[in-house]
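To start, the structure itself, in C-alpha cells.
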Amino acid sequence: MPVLTFARGIFPPHRKSASQALPIEQSALPSEVVILMSQHAGAPAQPLVEVGEKVLAGQKVGEVEARITAPVHSPVSGTVSAIDSCPCASEGVRRGGRITIKVDENQTAAPSSSVEEVTPDSIRDAVHEAGIVGLGGAGFPARVKLSPPPDRKVDTVIINGCECESYLTADHRVMLEESESVVDGALLVAQAVGAQTIVVGIEENKPDAIAAMKRAADGRMSVVALKTKYPQGAEKMLIQVLTGRTYPVGKLPSDAGCAVQNVQTAAAIHAAVRRGTPLIERVMTVTGAVKNPKNLRVRIGTSVQSLIDQCGGFSRTPGKVIMGGPLTGVALPTTDVPVVKGTSGIVVLAAEEVSEASAEIPPCIRCGRCVRACPTFLVPSQLGLLAQNKMEDIAAERYHLFGCIECGSCAFVCPAKIPLLQLIRSAKSAAMLGGTTR
Ligand code: SF4
Ligand code: SF4
C-alpha cells in the first residue's frame with residue numbers, strides 16, 4: 001500500500017540525528033521562572049497572586065473568565081518577586097502581563113488529585129483546570145477542542161505524532177518513552193468528544209515510534225505511517241490524509257467530524273485526569289549549534305539562555321536562536337526570555353547558516369516555486385505582494401489570506417529569499433485589526 005500523504009508540500013532537511021536517540025532528561029531547577037499570562041490563543045490570564053506571596057509548585061497563579069482562555073500555574077515553589085507587563089520575546093504575539101517567581105531551594109508541591117468519576121464533562125473540567133493548551137505550537141486551549149458544538153458530530157480523533165519540522169525530536173521521544181500515557185490521553189479525548197475512531201499519524205522516518213505506539217495501542221486505535229513530507233503535521237493535511245475529509249477556510253476540524261491533538265497534549269491530558277497534574281512542564285528539543293543537544297523536560301518559564309547553558313553553550317558563533325522549529329518558529333531578539341507552553345524546541349543556527357537579512361525586500365522573479373509548494377493551494381507570491389502594498393483587505397477577500405496555515409513552505413523554497421511568511425503574518429494581523437487605511 002502506498003504511504004499516505006497530501007498534495008504539494010516540501011522536503012526540508014531532517015537534521016534530527018543530533019538528538020533523536022537521546023532520552024528525555026529533566027532540566028535543572030532554575031533560580032527564577034517568568035510565567036507569561038498569555039501562553040495561549042484567547043483572553044490572557046490575570047494574576048491571582050501578589051508580589052511577596054509564597055507559591056507552591058503546581059499552584060494556579062493566573063486565570064480569567066472567558067470561553068477561550070487557559071489558566072497558568074507556577075512550575076516551582078518560591079516567592080513572587082515581580083508582576084509587570086511583558087516586553088519580551090515572542091513580542092508581537094504575547095499580550096498581557098508576567099509573574100516572576102524566585103525559586104525555593106527545596107521544592108514543595110501543591111496538593112493534587114485524580115478525577116474520581118471520568119465523564120466527558122469531568123475530562124473537560126480537568127483539562128481546563130490543568131491549563132492544557134495544544135502543545136504542537138498553536139496554543140489553542142484544549143478544553144475548547146474537547147467541546148464541539150452540539151450540532152456537530154465528531155466521530156474521529158486524530159493524534160498528531162508527525163513532528164515534521166526539521167531539528168525537533170521531543171514528540172518522537174515522548175512516543176517512545178511515554179507511549180502508554182499518549183494512548184490513555186487519546187482514549188480520554190475520544191471519550192470527551194464522543195468519537196469511536198482514533199488514528200495516530202506518524203511520519204515514516206520514525207519507525208521505532210510507530211512500533212512503540214502500536215504496542216501501547218494494543219488494537220484500541222490505528223497507528224498509521226505517513227510520508228515524511230512537510231507540513232504533514234498540519235491539522236488540515238492530517239485530516240485530509242487520514243479521513244479524506246476537508247473543511248473550508250474559517251471552519252474548524254470539528255466541521256469535518258474530527259478532533260486533532262498533538263502527542264504531548266494527549267500525554268498532558270492523561271496526567272491531568274489520572275493524577276490531577278497541571279501543565280507546568282513539557283518536553284522540548286534544544287539543538288543546532290549547541291555543544292550537547294538534548295531533549296529536555298523543562299519547567300514552563302525557564303529562560304532560554306539557561307537551557308542553552310545546560311546544553312554546554314554555543315558550539316559556534318550563533319546567527320539566530322529560534323523558539324520552535326526553523327520553518328514556523330520565532331527568531332528571538334535575546335535569549336533572556338522564558339519558554340512557554342507552546343515551545344516545542346530551541347534551535348540555534350550558526351552565523352554561517354544564516355543569510356544576511358537584506359534591508360529591502362527583493363523582487364519576485366515569478367518562478368512559481370511558492371505556488372507549487374503551498375499545501376493549501378494559495379498564491380503566496382501574490383499574498384506577499386499585497387502584504388507589501390498594505391492591501392490585506394484584497395488579500396483576504398480575493399486571495400484567501402486566511403486560508404494560509406502559516407507553514408512557511410513558500411518562504412523556504414523562494415529563491416529570491418522574500419520573507420513570505422513574515423509578510424503574510426503581518427497582513428493577517430492588519431486584516432484582523434480592520435485593514436490598513438490606504
Ligand atoms: S501561503 Fe501559507 S499555507 Fe501556503 S505555503 Fe505559504 S505559509 Fe504555507
Ligand atoms: S518563490 Fe519567490 S520568487 Fe518565486 S514566484 Fe514565489 S515569491 Fe516569486
Provide the packing ranking of 166-173, 246-253, 73-80, i.e. peptides ordered by the mean count of other C-beta atoms within 10 Å per residue, highest first. 166-173, 73-80, 246-253
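Rounded, prolate or oblate, given the Cα gyration tensor of the chain, with a/c below 1.5 counting as rounded?
In terms of gyration-tensor shape, rounded.
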Unit-weight point scatterers at every alpha-carbon of the stretch 15-83, Debye formula, q = 0.14, 0.19, 0.24, 0.27 1/Å: log10 I(q)/I(0) is -0.56, -0.79, -1.01, -1.18
If the elastic network links every pair of Cα atoms under 10 Å, which of 355, 222, 344 fluctuates the most in the Gaussian network model of the chain? 355
Could you compute how fast the stretch 369-432 diffuses translationally, taking Rh as the Kirkwood radius over C-alpha pairs and applying Stokes-Einstein at 10 °C with viscosity 1.306 mPa s? Give it in µm² per second. 142 µm²/s
Packing-based order for 225-237, 192-204, 146-158, using average beta carbon neighbours within 10 Å, highest first: 225-237, 192-204, 146-158
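If you rank 397, 65, 392 by how much accessible surface each has, with a 1.4 Å probe, what is the order from largest down?
65, 397, 392
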Using alpha carbons only: equivalent-ellipsoid semi-axes of the stretch 120-275, gyration tensor based, whole Å: 21, 18, 14
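The values are calculated or read from the model by the stated rules, or taken from the named source; none is laboratory data. Keep in mind that what you see is a predicted model, and the values were worked out from it rather than measured. Quick reminder, even Gly has a Cβ in these numbers, built from the backbone with ideal geometry, and neighbours come from all protein chains shown. Please note that ligands, DNA and RNA were not included when accessible areas were found on the heavy atoms of the full protein model with its side chains. Shrake-Rupley method; radii C 1.70, N 1.55, O 1.52, S 1.80 Å.
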